[in-house]
Number of protein chains: 2
Amino acid sequence: VPDPASAAPRGEFALIARLAAALGPPGAAVRQGIGDDCALLHPDLVWSLDLLVEDVHFRRSTTTPEDLGWKALAVNLSDLAACAAAPVAALAGVTLGPAVDGDEVERLYAGLRACADAYGCPVVGGDLSRGPALALAVTVLGRAGRPLRRDGAQPGDGLYVTGELGGSEAGRLVLEGLAPAPPEAAALAARHRRPTPRLAEAAALAGVASAALDVSDGVASDARQLAAASGVALVVDLDALPLQAGVSAVAAARGLHPSVLAGSGGEDYELLVALDDGRAATAGVALTRIGRVEAGPPSVRFTGVAADAELRGFDHLAAAP
Amino acid sequence: VPDPASAAPRGEFALIARLAAALGPPGAAVRQGIGDDCALLHPDLVWSLDLLVEDVHFRRSTTTPEDLGWKALAVNLSDLAACAAAPVAALAGVTLGPAVDGDEVERLYAGLRACADAYGCPVVGGDLSRGPALALAVTVLGRAGRPLRRDGAQPGDGLYVTGELGGSEAGRLVLEGLAPAPPEAAALAARHRRPTPRLAEAAALAGVASAALDVSDGVASDARQLAAASGVALVVDLDALPLQAGVSAVAAARGLHPSVLAGSGGEDYELLVALDDGRAATAGVALTRIGRVEAGPPSVRFTGVAADAELRGFDHLAAAP
């Protein structure tokens with residue numbers, strides 16, 4: 001259950017651990033249960049569920065119904081990517097708020113369909129209900145011959161990310177009127193509204209990377225998940241974070257170092273990967289090296305010019321649960 | 001998606017049909033998509049998702065957190081039973097309303113666990129979010145060598161139900177103070193709060209029954225689903241509906257014929273089965289014959305002493321979508 005990389009308030013890790021314990025052992029049909037991005041079932045099924053709730057994960061004022069449908073499926077596909085699984089199919093449970101009309105929900109399903117077509121993951125069923133607010137519960141099934149997990153990072157590995165960071169959070173700030181729009185505003189907004197699940201990159205990394213997860217809460221927080229699951233110490237060079245164009249301008253408008261925005265902003269849905277440095281060059285995936293894996297108790301240490309007083313918030317985020 | 005046997009207002013069948021069309025064809029991985037209780041995937045996977053939303057599907061004033069956790073999984077397992085599938089595992093997405101505390105949610109997970117243990121369906125993951133109200137999105141996977149479907153009813157078959165009807169609706173009326181408590185009130189309340197998915201009965205009917213679905217909206221409404229999916233005319237003898245003890249007293253207090261309550265009340269989660277009469281006696285399942293399948297355009301006709309003016313509401317329910 002309770003994937004910590006959710007909208008559960010950060011103070012609730014203890015609750016989540018209690019709930020996971022309450023659910024008990026996963027049983028013989030299951031290779032790995034609670035804690036990863038996906039549950040792994042015998043023989044090769046990978047399974048995930050993500051909730052998107054109005055005014056918690058999205059605002060109807062800053063997203064279109066089509067974008068919301070896309071995003072609800074895309075964030076699930078990103079979970080499959082984190083496990084190096086290929087999509088099979090999805091179910092969509094949609095709760096309609098009182099203010100949602102038939103046209104709006106039809107546009108939402110069109111967005112689901114667009115994402116389903118883009119990534120070969122048909123939506124084959126689900127449920128529909130009335131409720132107090134718009135909410136989506138999407139679940140996806142995938143297949144993975146060599147699933148990636150969070151718990152395999154090895155001391156000596158390099159720490160890498162796909163793509164660029166900070167774009168989704170910068171896009172959110174601009175969309176909500178919390179920062180002026182830079183020239184790259186449209187691309188930032190698109191990054192926030194229509195994330196790209198890194199399925200192709202994950203397929204190339206299957207059997208090559210030591211561990212992976214998808215960056216849903218921000219590298220600073222997600223690195224902590226990787227460190228805890230693998231039982232390793234991570235060093236993250238904040239100067240090395242690959243910034244999406246426009247992130248620096250938005251960060252400056254908010255009085256933030258751009259690496260703080262890029263490292264703490266969530267929803268980029270890039271992959272954070274632990275990988276032998278010798279294999280990184282030949283993996284066939286564009287990766288940026290942002291740090292390394294060391295032996296030691298689970299922890300994350302930040303380096304770089306941004307790693308000064310301004311970044312103490314990271315240390316809080318990176319504290320053990 | 002949109003299983004019509006959901007809390008979607010009855011007037012929204014047209015919307016549901018539009019949404020199903022928007023999602024497009026299910027693709028090669030899928031044997032049957034939208035419309036049945038479950039999606040059927042190659043080779044033998046059966047998959048369902050059900051939403052339970054506060055004040056739509058349940059009230060916190062009349063259900064305990066443990067019962068709610070049980071019910072959220074049990075209604076999904078009932079979908080598997082309708083397809084004659086054996087449970088593999090479940091994921092639970094839980095949205096916590098602002099008034100839900102840690103103790104309450106832990107009790108909810110204990111109820112999920114109790115149902116999981118009772119039916120051998122471990123909860124292996126999911127998601128957790130804050131939101132405007134308590135809501136559960138549970139999804140289950142099962143395996144079915146010979147899946148039952150809604151579309152196989154044959155003219156000449158008998159129409160049968162497992163167990164007894166009306167108990168859940170009578171229990172709800174008593175719990176909500178809408179009818180005085182009869183001596184059987186505790187059993188009626190238990191029926192409403194902790195439905196029994198008919199997994200064992202379904203396993204015995206696999207390869208024997210022509211068609212099946214689970215009675216979630218009431219026999220009158222669900223018979224319409226069966227008739228529409230199979231392209232047949234159904235005749236339902238209201239005098240033959242098996243009534244749970246206490247239903248007659250609650251119906252009388254509400255000024256209803258007991259068969260009206262039993263036929264229109266939902267959430268009994270019995271199986272409605274079309275079955276060759278010769279096979280019914282040897283299926284090894286306790287069944288009550290409540291009608292028959294005839295050739296003809298999809299329709300449901302009611303007979304019996306209760307099938308008078310009082311029952312015109314059924315005809316509305318049983319009209320073609």
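The values are calculated or read from the model by the stated rules, or taken from the named source; none is laboratory data. Note that the structure is a prediction, hence the values are computed from the model and not measured. Here the Cβ is made from the backbone with ideal geometry for all residues, glycine too, and neighbour counts use every protein chain on show. In case anyone asks, the SASA skips ligands and DNA or RNA and just uses the protein heavy atoms, side chains included. Shrake-Rupley method; radii C 1.70, N 1.55, O 1.52, S 1.80 Å.
For residue B:63, work out the one condition from (1) over 17 Å from the mean Cα position of the chain (by Cα); (2) without any contact (Cβ under 8 Å) to a residue 40 or more places away in the chain; (3) more than 8 Å from chain A (Cβ to nearest Cβ) it doesn't fulfil.
Residue B:63 satisfies every listed condition except (2).
Conditions (1) modelled with pLDDT of 95 or more; (2) over 20 Å from residue A:70 (Cβ atoms), marked per residue:
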residue: A:160; (1), (2): yes, yes
residue: A:188; (1), (2): yes, no
residue: A:198; (1), (2): yes, no
residue: A:214; (1), (2): no, no
residue: A:218; (1), (2): no, yes
residue: A:222; (1), (2): no, yes
residue: A:225; (1), (2): no, yes
residue: A:229; (1), (2): no, yes
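Considering B:156, B:152, B:171, which residue is more than 16 Å from residue B:271 (Cβ to Cβ), part of a loop (DSSP other than H, G, I, E, B) and small (Gly, Ala, Ser)? Walk me through it before giving the result.
Working: B:152 fails: more than 16 Å from residue B:271 (Cβ to Cβ); B:171 fails: part of a loop (DSSP other than H, G, I, E, B).
Exactly one of B:156, B:152, B:171 is more than 16 Å from residue B:271 (Cβ to Cβ), part of a loop (DSSP other than H, G, I, E, B) and small (Gly, Ala, Ser), namely B:156.
Could you check the range B:194-311 for strands (runs of 3 or more DSSP E) lying wholly inside it with 2 or more residues that are not aliphatic (A, V, I, L, M)?
Here the list reads B:287-294, B:299-303.
Is there a residue in the range A:253-265 that is touching a helix residue (DSSP H, G or I) at 6+ places or on another chain (Cβ under 7 Å), closer than 19 Å to residue A:149 by Cα and of a type outside the set (D, E, K, R)?
No, the range A:253-265 contains no residue that is touching a helix residue (DSSP H, G or I) at 6+ places or on another chain (Cβ under 7 Å), closer than 19 Å to residue A:149 by Cα and of a type outside the set (D, E, K, R).
Name the pairs whose Cβ atoms lie under 6 Å apart, with the first residue in the range B:181-209 and over 16 Å from residue B:251 (Cα atoms), the second among the charged types (D, E, K, R), and 6 or more positions between them or separate chains?
If the second residue must be among the charged types (D, E, K, R), the pairs left are B:193/B:67; B:194/B:67; B:206/B:146; B:207/B:146; B:208/B:279.
Just to be sure before I move on: is residue B:95 modelled with pLDDT of 90 or more, out of contact with any strand residue (DSSP E or B) (no Cβ under 8 Å at 6 or more places or on another chain) and of a type outside the set (Asp, Glu) in the structure I sent? Spell out how you get there, then give the answer.
Values: modelled with pLDDT of 90 or more: yes; out of contact with any strand residue (DSSP E or B) (no Cβ under 8 Å at 6 or more places or on another chain): no; of a type outside the set (Asp, Glu): yes.
For residue B:95, the condition - modelled with pLDDT of 90 or more, out of contact with any strand residue (DSSP E or B) (no Cβ under 8 Å at 6 or more places or on another chain) and of a type outside the set (Asp, Glu) - is not met.
Quick one: would you say residue B:49 is modelled with pLDDT of 70 or more, open to solvent by less than 10 Å² (accessible area, probe 1.4 Å) and more than 7 Å from every other protein chain (Cβ to nearest Cβ)?
no
Can you tell me which residues in the range B:145-172 are open to solvent by 10 Å² or more (accessible area, probe 1.4 Å) and over 30 Å from residue A:124 (Cβ atoms)?
Within the range B:145-172, B:156, B:164, B:169, B:172 meet the criteria.
Determine if the range B:310-319 includes at least one residue that is at pLDDT 90 or above, over 24 Å from residue B:56 (Cβ atoms), touching a helix residue (DSSP H, G or I) at 6+ places or on another chain (Cβ under 9 Å) and open to solvent by less than 60 Å² (accessible area, probe 1.4 Å).
For the range B:310-319, residues at pLDDT 90 or above, over 24 Å from residue B:56 (Cβ atoms), touching a helix residue (DSSP H, G or I) at 6+ places or on another chain (Cβ under 9 Å) and open to solvent by less than 60 Å² (accessible area, probe 1.4 Å): absent.
Could you list all residues from the range A:231-241 that are in contact with an Asp or Glu (Cβ under 9 Å, 6 or more places away or on another chain) and open to solvent by less than 20 Å² (accessible area, probe 1.4 Å)?
Answer for the range A:231-241, where residues must be in contact with an Asp or Glu (Cβ under 9 Å, 6 or more places away or on another chain) and open to solvent by less than 20 Å² (accessible area, probe 1.4 Å): A:232, A:233, A:234, A:235, A:241.
Testing residue B:82 on (1) free of Cβ contacts under 8 Å to residues at least 60 places away in the same chain; (2) buried (at least 24 other Cβ atoms within 10 Å of the Cβ), one condition comes back false. Which one is that?
(1)
Residues of the range A:106-144 being closer than 22 Å to residue B:130 by Cα and more than 7 Å from every other protein chain (Cβ to nearest Cβ), which ones?
Our first condition is that a residue be closer than 22 Å to residue B:130 by Cα; within the range A:106-144, this holds for A:108, A:126-140.
Within the range A:106-144, A:108, A:134, A:136, A:138, A:140 meet the criteria.
It is to be established whether one or more residues within the range A:36-45 are surrounded by 24 or more Cβ atoms within 10 Å (Cβ to Cβ), under 27 Å from residue A:174 (Cα atoms), more than 8 Å from every other protein chain (Cβ to nearest Cβ) and in contact (Cβ under 8 Å) with a residue 24 or more places away in the chain.
no
What are the residues in the range B:242-254 that are without any contact (Cβ under 8 Å) to a residue 40 or more places away in the chain and either open to solvent by less than 60 Å² (accessible area, probe 1.4 Å) or within 17 Å of residue B:189 (Cα to Cα) (or both), if any? Steps first, answer last, please.
From the range B:242-254, those without any contact (Cβ under 8 Å) to a residue 40 or more places away in the chain are B:248, B:252; that's our starting set.
Result: B:248, single match.
Report yes if some residue within the range B:90-97 is within 22 Å of residue B:271 (Cα to Cα) and either more than 8 Å from chain A (Cβ to nearest Cβ) or open to solvent by 10 Å² or more (accessible area, probe 1.4 Å) (or both); otherwise report no.
There is at least one residue in the range B:90-97 that is within 22 Å of residue B:271 (Cα to Cα) and either more than 8 Å from chain A (Cβ to nearest Cβ) or open to solvent by 10 Å² or more (accessible area, probe 1.4 Å) (or both).
For the condition more than 7 Å from chain A (Cβ to nearest Cβ), under 15 Å from residue A:129 (Cα atoms) and modelled with pLDDT of 95 or more, what is the one hit in B:5, B:72, B:20?
Result of the check over B:5, B:72, B:20: B:72.
Could you check the range B:106-127 and list, in sequence order, the residues that are over 30 Å from residue B:204 (Cβ atoms) and surrounded by 24 or more Cβ atoms within 10 Å (Cβ to Cβ)?
Filtering the range B:106-127 for residues over 30 Å from residue B:204 (Cβ atoms) gives B:106-110, B:125-127.
Once the filter is applied, which keeps residues that are over 30 Å from residue B:204 (Cβ atoms) and surrounded by 24 or more Cβ atoms within 10 Å (Cβ to Cβ), the range B:106-127 yields B:108, B:109, B:125, B:126, B:127.
Can you confirm whether residue A:183 is closer than 21 Å to residue A:266 by Cβ, in contact with a helix residue (DSSP H, G or I) (Cβ under 9 Å, 6 or more places away or on another chain) and not in a helix (DSSP H, G or I)?
Judged against the criteria, residue A:183 is not a match.
Taking residue B:142 as the residue in question, decide whether it is modelled with pLDDT under 95, part of a loop (DSSP other than H, G, I, E, B) and either crowded, with 23+ Cβ neighbours inside 10 Å or within 19 Å of the chain's Cα centre (by Cα) (or both). Show your work before the answer.
Numbers: modelled with pLDDT under 95: yes; part of a loop (DSSP other than H, G, I, E, B): no; either crowded, with 23+ Cβ neighbours inside 10 Å or within 19 Å of the chain's Cα centre (by Cα) (or both): yes.
It is false that residue B:142 is modelled with pLDDT under 95, part of a loop (DSSP other than H, G, I, E, B) and either crowded, with 23+ Cβ neighbours inside 10 Å or within 19 Å of the chain's Cα centre (by Cα) (or both).
Give A:199, A:188 a once-over and let me know the one that is open to solvent by less than 30 Å² (accessible area, probe 1.4 Å), touching a Gly at 6+ places or on another chain (Cβ under 7 Å) and not charged (D, E, K, R).
Of A:199, A:188, the one residue that is open to solvent by less than 30 Å² (accessible area, probe 1.4 Å), touching a Gly at 6+ places or on another chain (Cβ under 7 Å) and not charged (D, E, K, R) is A:188.
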